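Undergrad: Got a structure here, written out as structure tokens. Questions coming.
The values are calculated or read from the model by the stated rules, or taken from the named source; none is laboratory data. Worth saying up front: this structure is predicted, and the values here are computed from it rather than measured. Neighbour counts run over all protein chains shown; Cβ positions are idealised from the backbone, glycine included. Please note that ligands, DNA and RNA were not included when accessible areas were found on the heavy atoms of the full protein model with its side chains. Shrake-Rupley method; radii C 1.70, N 1.55, O 1.52, S 1.80 Å.
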Amino acid sequence: MAANLKETLYTLADQLPDGATWDDVMEEVRFRRAIEIGARAADQGEFATKKEIQTAFARWGVDIAG
């Protein structure tokens, strides 16, 4: 993405609704960055184990056993 950063920024600006704020821009940038980091980690095989996922959801009171 870094090689096409300017293009990405122009595309983002075009996709924002009229009246978008700087907070809207930053939220979208953070979201896109998180997706980018997650995709890179997945490409490198960095996944959470089933047990780690079950434990994380259990903290929120959600049972995903199965």
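Undergrad: Determine how large the accessible area of Ile35 is when every protein chain is in place; take a 1.4 Å probe and give Å² rounded to the nearest 10.
TA: Only protein atoms counted, so the area is about 100 Å².
Undergrad: Here's something else I'd like to know. Could you pull out which residues in segment 10-46 have an amide N less than 17 Å from a spot 7 Å beyond the Cα of Ile64, following the Cα-Cβ vector?
TA: Flagged as within label range: 35, 38-39, 42, 46.
Undergrad: Now, a different point. Taking a quarter of the surface of the Cα convex hull of the chain, what do you get in nm²? Kindly include the intermediate steps, with their values, before the conclusion.
TA: Numbers: hull surface 27.7 nm².
One quarter of the hull surface, i.e. the mean projection, equals 6.9 nm².
Undergrad: May I ask for the angle, rounded to the nearest 10°, between helix 50-59 and the longest principal axis of the chain, with both axes built from Cα atoms and the value confined to 0 to 90°?
TA: Helix 50-59 sits roughly 80 degrees off the main axis of the chain.
Undergrad: Please compute the per residue accessible area over the chain with all protein chains in place, 1.4 Å probe, rounded to a whole number of Å². Before the final figure, lay out the partial values.
TA: Numbers: 5850 Å² over 66 residues.
On a per-residue basis, the chain sits at 89 Å².
Undergrad: Stretch Lys6-Phe57 to full length: gain in nm at 0.36 nm per residue minus the Cα-Cα span?
TA: 14.6 nm
Undergrad: Where in segment 48-66 is the amide nitrogen less than 18 Å from a point lying 7 Å along the Cα-to-Cβ axis of Ala41?
TA: Residues passing the 18 Å test: 48-60.
Undergrad: Could you work out [θ]222 nm for the chain from helices alone, using -39500 (n - 2.57) per DSSP H run of at least four and dividing by all its residues? Round to the nearest 500 deg cm²/dmol.
TA: Value at 222 nm, helices only, nearest 500: -21000 deg cm²/dmol.
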